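*Asks:* One structure coming up, written as structure tokens, with questions to follow.
The values are calculated or read from the model by the stated rules, or taken from the named source; none is laboratory data. Keep in mind that what you see is a predicted model, and the values were worked out from it rather than measured. Don't worry about glycine lacking a Cβ; one is built from the backbone with ideal geometry, like all the others, and counts go over all protein chains shown. Surface areas here come from the heavy atoms of the whole protein model, side chains and all, with no ligands, DNA or RNA. Shrake-Rupley method; radii C 1.70, N 1.55, O 1.52, S 1.80 Å.
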Amino acid sequence: MLDSRVLRADPAAAAANLARRGYTLDLAAFAALEERRKHWQITADRLRAERNANAKAVGMAKGKGEDASALLRRGEELTGELTRSETGLNEVQAEVDQWLLSLPNLLHESVPAGRDETANVEVRRWGTPRSFDFQPRDHVDVGERLGGLDFEAAGRMSGARFAVLRSGVARLHRALAQFMLDLHTREHGYAECYVPYLVSAAALTGTGQLPKFEQDLFALRGEKSLYLIPTAEVSLTNLVREQILAADALPLRLVAHTPCFRSEAGAAGKDTRGMIRQHQFDKVELVHIVRPEESYAALEQLTSHAEEVLKRLEIPYRVLALCAGDIGFGSAKTYDLEAWLPGQGAYREISSCSNCEAFQARRMQARWRNPATGKPEPVHTLNGSGVAVGRALVAVLENYQNTDGSVTVPEVLRAYLGGVTRLEPGG
């Protein structure tokens, strides 16, 4: 949620910033809401002051033994008028809050200009794509030859965009998640969390998935209104919901391995083959909760932690700074990591690392007590995949495939597979 004070102070600047995204800020609608809000605020303040003055007059009259009945009647009238004014103020404030929830985040000045993904800027590359002496297959062919990928069985029970993993491929998937958790907790200093997979609408509103992206969520039927998490970012970030953190409690670095559930309503027809875009997938998610002045250093650190996963796996990748037209709703700045997939002959997204600044914190009322002012102020929140487990599996299957259909196990994963160095067809 944007800071309404910023909008009031310079609405034209906010409109210009949001226009970079291709979003048109309705300044007339905001001005109309503000005019109504100011009217009720001024009226309520005036009535409150008058009621207080009247109450003092009552006390003085009674102290002098004078008749205070007229003052008491006026006090009752003022209380009724004030109640009506406060109701009007609360109603218009609810409209303002709902309107603010529909606005995307303001962009950091360093975000590249551009309308879509074609304008994203490559920041760096790591690794050299492997040269094959045979035509590399995509992960679907590789996994099926191993007997470890079964889309048909998944389709019979759940429909499209689900997969069953078996035997060595299932073990490799589990090894990837365990390796990532160990790396981030042992070397990068994250606190591992086990978090709910079912959350309330309020939690999703806090991180920005609701109300805008409800079509991309899976909602549960039943007595309680709950949703399956689209990412552990929701659960991890909401750990500081409605909290005032001490300055010395920051920064917080949290990690969780969870399944994620997305209806992919906005991605119809995209990546229908294989595991790139699934309704159910696993991720190891990284979240930082930091002081505002530290959030952009934290973004670089967070991104480097996700990169380290790919370096240890020896998967070539590149880092992109997303342009204004491609960046997410709640993000002020985002880096995407794209892993090289030889079966597709292309780099594909495997992690997205974002600084949301105070956007989510305002929605969640997540604050810290600034020792310089002694007052509670919004924290800054960051999140990133460290990394998507299913897409890492795709990258390993494609980059480590052999001409006989086997897949070499990356050295860093072998201890998690009991020393196995190669997955064999049918094994």
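*Asks:* What number of residues within the range 177-209 are crowded, with 19+ Cβ neighbours inside 10 Å and free of Cβ contacts under 8 Å to residues at least 60 places away in the same chain?
*Replies:* 4
*Asks:* When T79 is evaluated against the numbered criteria (1) open to solvent by 20 Å² or more (accessible area, probe 1.4 Å); (2) within 29 Å of the chain's Cα centre (by Cα), which criterion, by number, is the only one it fails?
*Replies:* (2)
*Asks:* I've got another one for you. Since E349 meets every condition but one in (1) buried (at least 22 other Cβ atoms within 10 Å of the Cβ); (2) in a strand (DSSP E or B), which condition does it not meet?
*Replies:* Failing condition for E349: (1).
*Asks:* In this structure, is L107 closer than 20 Å to E34 by Cα, under 44 Å from the mean Cα position of the chain (by Cα) and at pLDDT 95 or above?
*Replies:* Taking the combined requirement at face value, the residue does not satisfy it.
*Asks:* Let me ask another. Determine which single condition T303 fails, assuming it passes every other condition in (1) touching a strand residue (DSSP E or B) at 6+ places or on another chain (Cβ under 6 Å); (2) part of a loop (DSSP other than H, G, I, E, B); (3) among the hydroxyl-bearing types (S, T, Y).
*Replies:* (2)
*Asks:* Among the residues of the range 105-150, write down those that are free of Cβ contacts under 8 Å to residues at least 60 places away in the same chain and either within 25 Å of K311 (Cα to Cα) or not in a loop (DSSP other than H, G, I, E, B) (or both).
*Replies:* Filtering the range 105-150 for residues free of Cβ contacts under 8 Å to residues at least 60 places away in the same chain gives 109, 118, 131, 135, 144, 150.
Hits for the range 105-150 are T118, S131, Q135, E144, D150.
*Asks:* OK, next. What's the total number of residues in the range 1-25 that are within 25 Å of the chain's Cα centre (by Cα), at pLDDT below 95 and not aliphatic (A, V, I, L, M)?
*Replies:* 3
*Asks:* Step by step: first the residues of the range 155-168, then only those that are under 28 Å from the mean Cα position of the chain (by Cα) and not in a loop (DSSP other than H, G, I, E, B), then the one that is farthest from R262 (Cα to Cα). Which residue is that?
*Replies:* L165
*Asks:* Is it the case that some residue within the range 5-16 is more than 26 Å from D326 (Cα to Cα), in contact (Cβ under 8 Å) with a residue 40 or more places away in the chain and crowded, with 18+ Cβ neighbours inside 10 Å?
*Replies:* no
*Asks:* Follow-up question, since we're still on this one. Report whether or not G386 is part of a loop (DSSP other than H, G, I, E, B) and farther than 23 Å from L7 by Cα.
*Replies:* Spelling it out, it is not the case that G386 is part of a loop (DSSP other than H, G, I, E, B) and farther than 23 Å from L7 by Cα.
Table: residues versus (1) free of Cβ contacts under 8 Å to residues at least 40 places away in the same chain; (2) farther than 23 Å from V284 by Cα; (3) of a type in the set (F, W, Y); (4) open to solvent by 30 Å² or more (accessible area, probe 1.4 Å).
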| residue | (1), (2), (3), (4) |
| --- | --- |
| S331 | no, no, no, no |
| D336 | no, no, no, no |
| P342 | no, yes, no, no |
| T373 | yes, yes, no, yes |
| S385 | no, no, no, no |
| R391 | no, no, no, yes |
| Y400 | yes, no, yes, yes |
| G418 | yes, no, no, yes |
